[in-house]
Structure formats: structure tokens, C-alpha cells
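Here is the structure we will look at.
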């Protein structure tokens, strides 16, 4: 059942990719809230996967700048984009001599 739910949301996002990308660009918090309302965490993950699979990673990166994103969505998106490590500036990662 969970996989079927994910697949429905994934294919819906793919079928409406132009709208999804435009929504994520203009009002990312609203677009992600609508996905969450429609199917919870699975729908949000399906949207992330569909957008990434279609080559729109920059749209997801830009969505992180939205101050209205729910915290759980922000954490899920950061983990999706960057793994468990948060991105850090190269100067902060380099050891000083």
C-alpha cells in the first residue's frame, strides 16, 4: 500500500512537472505543503524524487531558501540533497596550519 501511494504521487508529479517546477520556484512552501496534505511524507518524497529525476535539482536547492518551509520538510530536503552532513563552506572545512 505504501509503495502504491508513493507511485501515485511520483507519477502525478511527473505528469505535471511544469506546474510542479513553477510552483516550487514561486512558492516552495505552499507547493510542499500541498504535497504533504495530499499524501504526507511519502508524497513529499515522491515529489523530491520526481523533480530530481527530471533534472531540476537547482529548484530543490532554491526551495531551501524559503523561510516558511515546515521544519520537517526542510530537514527531509536537506538530507535528500546533501545526505546526513550539512553543507559547509570550503574555508570552514580546511585545517589551518
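The values are calculated or read from the model by the stated rules, or taken from the named source; none is laboratory data. These numbers come from a predicted model, not from an experiment. Cβ sites come from the backbone with ideal geometry, for glycine too, and all protein chains shown count toward neighbours.
If I filter segment 52-61 down to residues being in contact with a helix residue (DSSP H, G or I) (Cβ under 7 Å, 6 or more places away or on another chain) and part of a helix (DSSP H, G or I), which single residue comes out as farthest from residue 7 (Cα to Cα)?
Initially, segment 52-61 is screened for residues in contact with a helix residue (DSSP H, G or I) (Cβ under 7 Å, 6 or more places away or on another chain), giving 52, 54, 56, 59-61.
Now narrow it down to the ones that are part of a helix (DSSP H, G or I): 52, 59-61.
Working: 52: 15, 59: 21, 60: 20, 61: 23 Å.
Going through the qualifying residues, I end up with 61.
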Any hit, segment 57-66, residues being modelled with pLDDT under 95 and either surrounded by fewer than 12 Cβ atoms within 10 Å (Cβ to Cβ) or touching a strand residue (DSSP E or B) at 6+ places or on another chain (Cβ under 6 Å) (or both): yes
Residue count for segment 3-20, restricted to those that are surrounded by 18 or more Cβ atoms within 10 Å (Cβ to Cβ) and either under 21 Å from residue 68 (Cβ atoms) or in contact with a strand residue (DSSP E or B) (Cβ under 9 Å, 6 or more places away or on another chain) (or both): 2
Neighbours by Cβ (under 7 Å, 6+ apart or cross-chain): first from segment 65-85, closer than 14 Å to residue 48 by Cβ; second loosely packed, with under 11 Cβ neighbours inside 10 Å and at pLDDT below 95: 78/86
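Can you tell me which residue among 49, 37 is outside any loop (DSSP other than H, G, I, E, B), modelled with pLDDT of 95 or more and surrounded by fewer than 18 Cβ atoms within 10 Å (Cβ to Cβ)? Break it down stepwise before answering.
Numbers: 37 fails: modelled with pLDDT of 95 or more.
Going through 49, 37 in turn, just one is outside any loop (DSSP other than H, G, I, E, B), modelled with pLDDT of 95 or more and surrounded by fewer than 18 Cβ atoms within 10 Å (Cβ to Cβ): 49.
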Residue 84 modelled with pLDDT under 90 and either exposed (fewer than 13 other Cβ atoms within 10 Å of the Cβ) or at positive phi (or both): yes
Filter result for residue 69 (at negative phi and assigned to a helix (DSSP H, G or I)): no
